[in-house]
There are 2 protein chains.
Amino acid sequence: MRRIDRIEPFRVMQLLERARELEAQGRSIVHMEIGEPDFSSPPAAADAARALLDSGDGSFYTPSTGIPELRSAIARWYGSEYGLTISPERVLVTPGASGGFLALYLALVESGERVLLPDPGYPCQRHFVRLAGGDPVSVPVGPGSRYHLTAEHVAVHGKNGVRAVVVTSPGNPTGTVCPADHLRRLATACRDKGAVLISDEIYHGLTYGVDAPCALSVDPEAVVVNGFSKRWAMTGWRVGWLILPEPLIDPVTRVLQNIFIAPTTLSQHAALAALGADTVVAQMRAAYAERRAFLLTELPKLGFRIPATPDGAFYIYADAGRFTDDAQRFCQTLLEAAGVAITPGADFGTHQADRHVRFSYATSLEQLREGVARLGRYLAE
Amino acid sequence: MRRIDRIEPFRVMQLLERARELEAQGRSIVHMEIGEPDFSSPPAAADAARALLDSGDGSFYTPSTGIPELRSAIARWYGSEYGLTISPERVLVTPGASGGFLALYLALVESGERVLLPDPGYPCQRHFVRLAGGDPVSVPVGPGSRYHLTAEHVAVHGKNGVRAVVVTSPGNPTGTVCPADHLRRLATACRDKGAVLISDEIYHGLTYGVDAPCALSVDPEAVVVNGFSKRWAMTGWRVGWLILPEPLIDPVTRVLQNIFIAPTTLSQHAALAALGADTVVAQMRAAYAERRAFLLTELPKLGFRIPATPDGAFYIYADAGRFTDDAQRFCQTLLEAAGVAITPGADFGTHQADRHVRFSYATSLEQLREGVARLGRYLAE
């Protein structure tokens, strides 16, 4: 089988396409499938973009690793956000967190090298590893470890060598935070196996009642992937970043130079301005928190079981086993019959995927109320 | 050797860094090394970006393959520009032409598969192929074939199988256009070997007295890579596109979905507006033409031989054999002693790289005059 044949499309995309068809036919659909903030980017981002457009300086390439002002500002932000000292040289600005992952895996992973990933988990991770020629090892995780890989997983699956281990905290699709002591044990296990700990922190700052610890606070050699898309609601701008240990800076820089030349200039200046938009971010967080509380109350009443209460992101991963053992068909049916779009577990792996679904609350409370009402009516039939 | 260790940095970057150091010390440097238009993007691009910022709709992802309006507009542009009928489904918008190349190679090339590239040629090409796990085969080319691969090259080097063959026309570093009959024979040779013809057309529209034929006019199955960076002076916006034959649309789309999610939203709308900015493009072309004529007159007087007169791009590839058999040292010396930055041949391959240099005229005629005067004084010493 050719590598490309192992790169699956997102199932949620097909669902979204069908939802758009139904909408074009005049049907109303409640969108609880989309993993993108429904908020506009902070006004400061647009203001910065306008200023750069007026100056005419947005036309040109920036350095491959980003404008120095943004690298410095992100480095300083690690001080204010986590109390960590990070030098700007370790900050590489990338075209979205996706661009960061891609460059990282291309620099890090050699043909056939193994990367441990949680199942369920963000589906692009295994595709990044495959495209880089590596061997993604999807390890079943459950509510017992709050859906994170553990030191024991690394010990067992690292027997035949492991190049990297991925933790996403808060997780997608599960929203669960990986506590500091858990992260610390994971980092120790990685060190024992000579593996790099890759910490996907794209949902940091979108937590409700608990902070997600930065992997760098327990392991200075960890690789951190983050970006402006989620916390700052800037998906369309495509700006992310990597924090790298010193030995990886040069290899990843060479990859970035070659494959991207540079991230979008205007977007980098917009991101720099957004970094200080704490008030706007707090407002979005408060809205998410209210929506989360609503769903955590209502979904169990409908019959969905929530095996591990999510701490963050804008997702709830629910066991729909009371209704189905074919979650993909279940989601299609909910879309067609109830006008509610949610994501089937199969988008996140294979482990118990047939009985799980992901609810996203990146839509208004009003829409969520309507969605829950529709589900209630349909599931009671 | 690990794959990453075979990804070289751009030598021109080190030269540029040293040039910046000298400038910081108060030295004046004439920049004839940079491969980026010195013009600002068309005003229509900034206007479209402003309009989108005002509407607030720039915050969100677009479809992975680009906004439908831009795909349609590019498809129509193939009609007005080349008289070709291209359906919008075959147009995939990418984060720069670089993003297009990367997604293409990741979808197309399997571990160890061979891709034929001209030497000298754009250095990232071989790095894209390597990062995708493929085997870039750099084939020496010279002025006899106007620095393009030929049907004979494909026959000889394709004996052990070849997945793809690359033509860049106008070329970088050579500026030479590949004529239609040459392209046609190349396409036939590719078909004979079951290889995909990949046509890098990023410098189309920047030709002076001759048009560069689109590969699709001789081979409907060719892959075309293009973008807004050069002709429309939009490097900083990072928008490119691919025109794909039907069987490649789905695989490349899956790669794009996974590795980029989508190109920058604001940039796509800016690019859409720029597509109609023919007057601005014509003004830039006229300025490049004047600069080219100046250098084609002056460089031979200085003792540089121009083995094949360039038709396009903003480069002149010159034989500096009268002065050096170590072009890299020669370029360093010119920078330090004469205050003129040019690019050594080694950035483009190994074939006769030690006696060749690339002059870029992506800088003002005034600067070029100063550069030539400095070179004249230094080389006469």
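The numbers here are math on the coordinates, done by the rules we state, and not lab data. None of these values were measured; they are calculated from a predicted model. Cβ atoms come from the backbone with ideal geometry, glycine included; neighbour counts cover every protein chain shown.
Neighbouring Cβ atoms within 10 Å as the yardstick, rank B:E381, B:E8 fewest first. Spell out each step's value before the answer.
On the way: B:E381 6, B:E8 14.
Neighbour counts put them in this order, fewest first: B:E381, B:E8.
Along segment B:153-165 the Karplus relation, 6.51 cos²θ - 1.76 cosθ + 1.60 evaluated at θ = phi - 60°, assigns HN-Hα couplings of 4, 5, 4, 5, 7, x, 4, 9, x, 8, 8, 7, 10 Hz to successive residues, with x for each Gly and Pro.
Place the peptides A:100-113, B:240-253 in order of packing, highest mean first, counting for every residue the other Cβ atoms within 10 Å and averaging per peptide. Before the final figure, lay out each step's value.
Values: A:100-113: 23.5, B:240-253: 19.9.
Per-residue Cβ counts within 10 Å, averaged per peptide and sorted highest first, yield A:100-113, B:240-253.
Among residues other than A:H269 whose Cβ falls under 15 Å from its Cβ, what is the net charge (Lys/Arg +1, Asp/Glu -1)? Mind showing how you got there, number by number?
On the way: positive: A:R50, A:R71, A:R238, B:R50, B:R238; negative: A:D47, A:D54, A:D57, A:E69.
Overall, the nearby charge balance is +1.
Based on DSSP H segments of at least four residues, each scored -39500 (n - 2.57), the protein assembly as shown has a per-residue ellipticity at 222 nm of -13000 deg cm²/dmol.
What shape does segment A:95-175 take by its C-alpha gyration tensor, where a ≥ b ≥ c are the square roots of the eigenvalues and a/c under 1.5 counts as rounded, a/b above b/c as prolate, and the rest as oblate? Let's see the in-between values first.
Values: a/c = 2.29, a/b = 1.20, b/c = 1.91.
In terms of gyration-tensor shape, oblate.
Here's the list of aspartates and glutamates a cross-link from B:K301 could span, going by alpha-carbon distance under 16 Å and ignoring same-chain residues fewer than 8 apart: B:D319, B:E370, B:E381. The string of couplings for segment A:222-233 from the Karplus curve (6.51, -1.76, 1.60, θ = phi - 60°) is 5, 9, 10, 10, 8, x, 8, 5, 9, 4, 9, 6 Hz, one whole number per residue in order, with x for Gly and Pro. Label positions at B:R377 and A:D250, each projected 7 Å from the Cα along the C-beta direction, are separated by 3.7 nm. Out of the DSSP beta bridges found with both residues in segment A:57-276, what percent are antiparallel (nearest 5)? Counting DSSP beta bridges with both partners in segment A:57-276, the antiparallel share is about 35 percent. In terms of its C-alpha gyration tensor, segment B:30-106 comes out rounded, because the ratio a/c of the largest to the smallest axis stays below 1.5. Peptide B:93-103 is shielded by partner chain Cβ atoms: per residue, an average of 4 of them sit within 10 Å of its Cβ.
DSSP assigns beta bridges within chain B; of those with both partners inside it, close to 50 percent run antiparallel. Inter-copy label distances at A:D211, shortest first and taken from points set 7 Å along Cα to Cβ: 6.3 nm.
Residue by residue, segment B:61-72 carries 3J(HN,Hα) couplings of 4, 9, x, 4, 9, x, 5, x, 4, 6, 4, 5 Hz when phi is fed to the Karplus relation 6.51 cos²θ - 1.76 cosθ + 1.60 (θ = phi - 60°); x denotes Gly or Pro. A Cβ-based charge dipole, computed about the Cα centre of the protein assembly as shown with Lys and Arg at +1 and Asp and Glu at -1, lands at about 820 debye.
In a shell of Cβ-Cβ distance under 12 Å around A:V12, excluding A:V12 itself, what net charge do Lys and Arg (+1) and Asp and Glu (-1) give? Each step should come with its number before you reach the end.
Values: positive: A:R11, A:R18, A:R358; negative: A:E8, A:E17, A:E33, A:E36, A:D347.
Local net charge: -2.
Solvent-free Debye calculation, one equal scatterer per alpha-carbon of the protein assembly as shown: log10 I(q)/I(0) at 0.06, 0.12 Å⁻¹ equals -0.37, -1.41. Partner aspartates and glutamates whose Cα lies under 17 Å from the Cα of B:K159, excluding those fewer than 8 positions away in the same chain, are identified as B:E113, B:D135, B:D192.
Take A:P300, move 7 Å from Cα toward the beta carbon, and the resulting point lies 8.6 nm from the same point in each other copy, nearest first. When B:E69 is represented by a point 7 angstrom out along its Cα-to-C-beta vector, the spacings to that point in the other copies are 2.9 nm, nearest first.
If you add up the charges near A:V139, with Lys and Arg at +1 and Asp and Glu at -1, over every other residue whose beta carbon is less than 15 angstrom from its beta carbon, what do you get?
On the way: positive: A:R114, A:R126, A:R146, A:K159, A:R163, A:K193; negative: A:D119, A:D135, A:E152.
Once positives and negatives cancel, what remains is +3.
Bridges between two residues of the protein assembly as shown, per DSSP, are antiparallel at a rate of about 50%. When chain A is treated as a GNM with alpha-carbon contacts under 10 Å, the residue of A:G142, A:G26, A:G58 showing the greatest mean-square fluctuation is A:G26. Neighbour counting of Cβ atoms within 10 Å sorts the residues A:Y203, A:Y147, fewest neighbours leading, into A:Y203, A:Y147. With a/c under 1.5 counting as rounded, go ahead and sort chain B into rounded, prolate or oblate using the C-alpha gyration tensor (a ≥ b ≥ c being the square roots of the eigenvalues; past the cut-off, prolate if a/b is larger than b/c, else oblate). In terms of gyration-tensor shape, oblate.
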